[in-house]
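Take a look at the structure below.
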Amino acid sequence: IATSEGKLPSEYSFARYVDNVLISNTGDFSYNISANWVNQCEDEFTLQTYGNYQHLVYTPTDDSYYILSKVTPGFSDVLLYFIYLFLYLFLLIFIFSTAVNIRKGDFSFYTRTLESRIRSTILFVLLLSFILIGFASVYYNYKQFRHEQVESLKDKTRSVLVMLDQLSAGTDMLYEMDQVDLIAYLRNISNALYVDINFYDKSGHLIASSRPELFTKMLQGSEMNASAFQDLHSDHLPWSLQEESLGSKTYLSTYKALYNWENNLIGYVNLPHFVSAEEASEEQLDFIVVILNIYLVFVVFAIFLTVILSRQITRPLQVIKEKLSGFRLRERNEKIQYSGSDEIASLVKEYNRLVDELETGAEQLVTSERTSAWRQMARQIAHEIKNPLTPMKLSIQHLQRAKKDNHEKFDTFFEKTSITLIEQIDNLSRIATEFSSFSKITASNPEKLDVCVPVKNVVELFRETENIDLEYTGIRENLLVWADKEQLIQVFNNLVKNAIQAIPKNQKGVIEINLADEDASVLISVKDNGTGIAEEAKAKLFEPNFTTKRTGMGIGLAITRNIITSFNGEIWFEENIPHGTIFYVKLPKYTFS
């Protein structure tokens, strides 16, 4: 597990014991001087737990131990593991699903709902904030560490100058010292302050170093850094901080001029700090890892919080959507109860106001329509009643005249007149029956009903019709709707009867009734091979006073349409190519609620 430089990763510690005595150790774990804390075991390798560390103990001989230690994973480590796993799986699933949708040509994932837009916006702002704060934190930490590092280097440089001060009393004292003695003196200072020291003369040539091997092995040049010499010699700056390199490694190096007690320049002191750059990199990396882990925890927490908040924010809008989708002009609509005082509350208030206004307007409209309908109905009734009353009046007047004149064939004339009067009375009775049927369409008793039942009843009723083949196809049971059974029988009776009457008597009739299941609705079709509907009659077919027959008032299809629409259904017709007509009735399925 050692790195290429022979160092252990920072999370590990290492110790060596010989004769139960600690010989050497590295890392953060505080090893005891004695190895008595190690459990004796006959195996060469054992895994033991001591404190909050796990220790791998290697026992090559009975009196020596090599111990590798690592902190036992805690709750935070396990939490971070699951967070990383969650984000990895989330990203993997998102990329996979997006790729599949793009491959199928489905770009609907770009059409986002308000809830998803709110969620995405909050997450984007949070992630952007985390990234900016993270970069700012890392940058500030780097600048702070660099500042502290430079100040530390300056302090050590001052300490070196103080210790060299006794040798700089005379200008030539340092130059007159034996090279070996000067190197030994610099090395003593180096060991005391844990720094390396290089001493250059006034021209920038190396005089002595605490680590002369770097120069004897030609790893470094013997000339002073040109930029530092320019700063101190030409520009007379008090300090010069340079970033230098040794092979592939970079490090900071400070330079300062050395003066004697008479303030005469003696030379230049250089302190290279080879470990500083590595420490800075490791500290920065550790700081970035800590920041990343903290931000990942916040990101996962923000994801869950955003989902909850977005749903909470859009829940009133969802309620409004449901209310609007179930809004009916001619029915009583429920108001929305919302206790907030925000913009959604204003929207809810406007919706409730419109419900009140529409309810009032609907009542007025219903009253107006009812009045108009009854006026039209009264005119229609008067018109229809007048038609048979006129021949009835004339027939009675002729009968009275014949009686008065003692007509010789009075009995025969009386019998014919009686037949005419009975026919007109039957016509009046039929008119009364049709208007009675039309007036009953509002008095319905809807219930949960299998629509297959009234269809079967109508099929059985007309199955034996002469010269007509009646066929029933499609679903035969368990199609539930909310409707009045008797009124549906009236609807299907009317449609089948119209289909029969549309077929010429000299032609073989074929009528097909089909029942189909369409997701949220039921579709019934009645198809015939009759003469069809004339183009000029199509627009007026469902009007109450329109008919293409010689007899009747033309309110059968009007009744049919009113019944179907009262159950939130639809009715329409199409041409049956090459001959005939298809009438369609669509009713919503019954929903269990």
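Any chance you could run the full-extension gain for residue 289 through residue 572? It's 0.36 nm times the residue separation minus the Cα-Cα distance, nm to one decimal. Walk me through the numbers before you get to the answer.
Details: separation 283, 0.36 × 283 = 101.88 nm, distance 6.97 nm.
Extra length available between residue 289 and residue 572 comes to 94.9 nm.
For segment 554-593 and segment 337-355, compute the distance between their C-alpha centroids and round to whole Å.
38 Å
What lysines could a cross-link reach from residue 508, if we take a straight Cα to Cα line under 26 Å and drop same-chain neighbours fewer than 8 places away?
Hits, sequence-local ones excluded: 456, 497, 527, 538, 549.
In segment 197-270, which trypsin sites (Lys or Arg not before Pro) fall in coil by DSSP and have 12 or fewer other Cβ atoms within 10 Å? Please list the in-between numbers first.
Numbers: sites: 202, 217, 249, 256; in loops: 202, 217.
When the trypsin sites (Lys or Arg not before Pro) of segment 197-270 are filtered for loop state and at most 12 Cβ neighbours within 10 Å, 217 remain.
Provide the net charge surrounding residue 34, with neighbours chosen by a C-beta distance below 14 Å and charges set as Lys +1, Arg +1, Asp -1, Glu -1. The partial results should precede the final answer.
Values: positive: 16; negative: 19, 63.
Cβ neighbours under 14 Å give a net charge of -1.
Rounded if a/c is under 1.5, else prolate if a/b beats b/c, else oblate: with a ≥ b ≥ c from the C-alpha gyration tensor eigenvalues square-rooted, which is segment 486-530? Intermediate results must be reported in sequence, preceding the final value.
On the way: a/c = 4.43, a/b = 1.77, b/c = 2.50.
Oblate.
At a 10 angstrom cut-off on C-beta neighbours, averaged per residue, how do the peptides 499-505, 141-147 rank from highest to lowest?
499-505, 141-147
Quick check: residue separation of residue 92 and residue 135 times 0.36 nm, minus the Cα distance between them. What number comes out in nm? Please list the in-between numbers first.
Numbers: separation 43, 0.36 × 43 = 15.48 nm, distance 2.60 nm.
Roughly 12.9 nm would be gained on extension.
Heavy-atom accessible area of residue 295 with all protein chains present, probe 1.4 Å, nearest 10 Å²?
That residue has around 40 Å² of solvent-accessible surface.
Hey, could you pull the Cα Rg and Dmax for segment 437-532, both in Å?
14.1, 42
So, counting K/R as plus one and D/E as minus one, what does the shell of residues with Cβ under 9 Å around residue 270 add up to?
Details: positive: 256; negative: 196.
With Lys, Arg at +1 and Asp, Glu at -1, the net is 0.
Within straight cross-link reach of residue 403, meaning Cα distance under 21 Å, which lysines are found once same-chain residues fewer than 8 apart are removed?
Result set, ordered by chain and number: 393, 416.
In square angstrom, rounded to the nearest 10, how much accessible surface does residue 46 have for a 1.4 Å probe?
Counting only protein heavy atoms, the figure is 20 Å².
Mind ranking 123, 85, 47, 153 by accessible surface for me, highest first, 1.4 Å probe?
Solvent-accessible surface, decreasing: 47, 85, 123, 153.
Short version: ³J(HN,Hα) in whole Hz for each residue of segment 249-264, in order, from phi by Karplus 6.51 cos²θ - 1.76 cosθ + 1.60 (θ = phi - 60°), x for Gly and Pro, what are they?
Coupling constants for segment 249-264: 9, 10, 7, 8, 9, 10, 10, 8, 6, 10, 10, 8, 5, 9, 6, 9 Hz.
Quick one: Karplus J couplings for segment 141-157, per residue in order, coefficients 6.51, -1.76, 1.60, θ = phi - 60°, nearest Hz, x for Gly and Pro?
The phi angles translate into 4, 5, 5, 5, 5, 5, 5, 4, 5, 5, 5, 5, 5, 5, 4, 5, 5 Hz.
Suppose the chain between residue 308 and residue 375 were pulled fully straight at 0.36 nm per residue; how much longer would it get relative to their current alpha carbon spacing?
Details: separation 67, 0.36 × 67 = 24.12 nm, distance 5.82 nm.
Contour length minus Cα-Cα distance gives 18.3 nm.
Can you give the FRET efficiency to the nearest 0.05 for residue 471 and residue 505, using r as the Cβ-Cβ distance and R₀ = 22 Å? Please list the in-between numbers first.
Values: r = 20 Å, r/R0 = 0.92.
That gives a FRET efficiency of 0.65.
Listed here are the pairs 321/448; 217/249; 154/217; 323/485; 448/586; which of them are more than 25 Å apart at the Cα?
Going by Cα-Cα distance, 321/448; 154/217; 323/485 fall outside the 25 Å limit.
The values are calculated or read from the model by the stated rules, or taken from the named source; none is laboratory data. Quick caveat: nothing in here was measured; it's all calculated off a predicted structure. Neighbour counts run over all protein chains shown; Cβ positions are idealised from the backbone, glycine included. Areas reflect the complete protein model, heavy atoms only, side chains present, ligands, DNA and RNA absent. Shrake-Rupley method; radii C 1.70, N 1.55, O 1.52, S 1.80 Å.
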